[in-house]
1. Is the stretch 97-119 home to any residue that is open to solvent by 50 Å² or more (accessible area, probe 1.4 Å), basic (Lys, Arg) and more than 17 Å from residue 5 (Cβ to Cβ)?
2. Take the stretch 2-44 and flag every residue that is within 17 Å of residue 74 (Cα to Cα) and basic (Lys, Arg).
3. When you go through 155, 149 one by one, which is the residue that is at pLDDT 90 or above and within 30 Å of residue 95 (Cα to Cα)?
4. Considering only residues that are more than 23 Å from residue 85 (Cα to Cα) and either touching a residue at least 24 places away in the same chain (Cβ under 8 Å) or acidic (Asp, Glu) (or both), look in the stretch 8-25 and name the one that is surrounded by the fewest Cβ atoms within 10 Å (Cβ to Cβ).
5. Any residue in the stretch 145-152 that is more than 25 Å from residue 39 (Cβ to Cβ), out of contact with any Phe, Trp or Tyr (no Cβ under 6 Å at 6 or more places or on another chain) and free of Cβ contacts under 8 Å to residues at least 12 places away in the same chain?
6. Pairs only if they're at least six apart or on different chains, beta carbon under 8 angstrom, first in the stretch 35-48 and of a type in the set (Val, Ile, Thr), second surrounded by fewer than 12 Cβ atoms within 10 Å (Cβ to Cβ); list them, first residue then second.
7. Check off (1) surrounded by 14 or more Cβ atoms within 10 Å (Cβ to Cβ); (2) over 18 Å from residue 40 (Cα atoms) for residue 148 and give me the number that stays unchecked.
8. Out of all the residues in the stretch 26-48, which are open to solvent by 90 Å² or more (accessible area, probe 1.4 Å) and among the acidic types (Asp, Glu)?
Amino acid sequence: MQNIDVTFDEPSYSTYNQRTAVDSTTLVDKNDKPVWTGQAKCTLENNAFRLYLMSPNSYGKDKKQFGAGGDCGIPYRDNLSPDITYYYDAWIERDGDWRVKGSHDKAPSHEFYIYDHATGNYKMIFQHSAVRKANGDVDFLYLLPIYPSWSFDISG
């Protein structure tokens, strides 16, 4: 999980920051009984998560432009399993206008939320569910780089 916090609290400047976290992964058998649990070692220090300003004027008081992404492995057989990958560029303005454009692999599910500081609520602005096989299982082959990614361009 990667949260990007953009703040326009002061009239003369804006700030941004990121918070990251990685939950555990559990491998289950055909009866959904857990057989293995582990946690990927995805951190800012090993570049599994990235955040960068898109232009020098991104420090302006009324608009933030930034890019972000992640490339985090699956801890089960990490040296063999493909990474969960996503990248996007985002623009957000003090008046509430925003745009997010990028791509992600088709497994697992990917979501974007925007937080309304005035109401204290998160609003989902984007969701793609993972591609599933005919039997309903998630098709994790879509994590492989040879498989197509989903592209998106959303605004509000």
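The values are calculated or read from the model by the stated rules, or taken from the named source; none is laboratory data. Note that this is a predicted model, so its numbers are computed, not measured. Quick reminder, even Gly has a Cβ in these numbers, built from the backbone with ideal geometry, and neighbours come from all protein chains shown. Accessible surface areas use protein heavy atoms only, side chains included; no ligands, DNA or RNA. Shrake-Rupley method; radii C 1.70, N 1.55, O 1.52, S 1.80 Å.
1. yes
2. Selection gives 41 alone.
3. Working: 149 fails: within 30 Å of residue 95 (Cα to Cα).
Step by step, each of 155, 149 is checked, and only 155 is at pLDDT 90 or above and within 30 Å of residue 95 (Cα to Cα).
4. Kept after step one, since they are more than 23 Å from residue 85 (Cα to Cα), are these residues of the stretch 8-25: 8-15.
Next cut, either touching a residue at least 24 places away in the same chain (Cβ under 8 Å) or acidic (Asp, Glu) (or both) only: 8-14.
Working: 8: 18, 9: 8, 10: 9, 11: 9, 12: 5, 13: 12, 14: 20.
The qualifying residue surrounded by the fewest Cβ atoms within 10 Å (Cβ to Cβ) is 12.
5. yes
6. Close Cβ pairs satisfying both conditions: 35/28; 35/29; 37/24.
7. (1)
8. Selection gives 32, 45.
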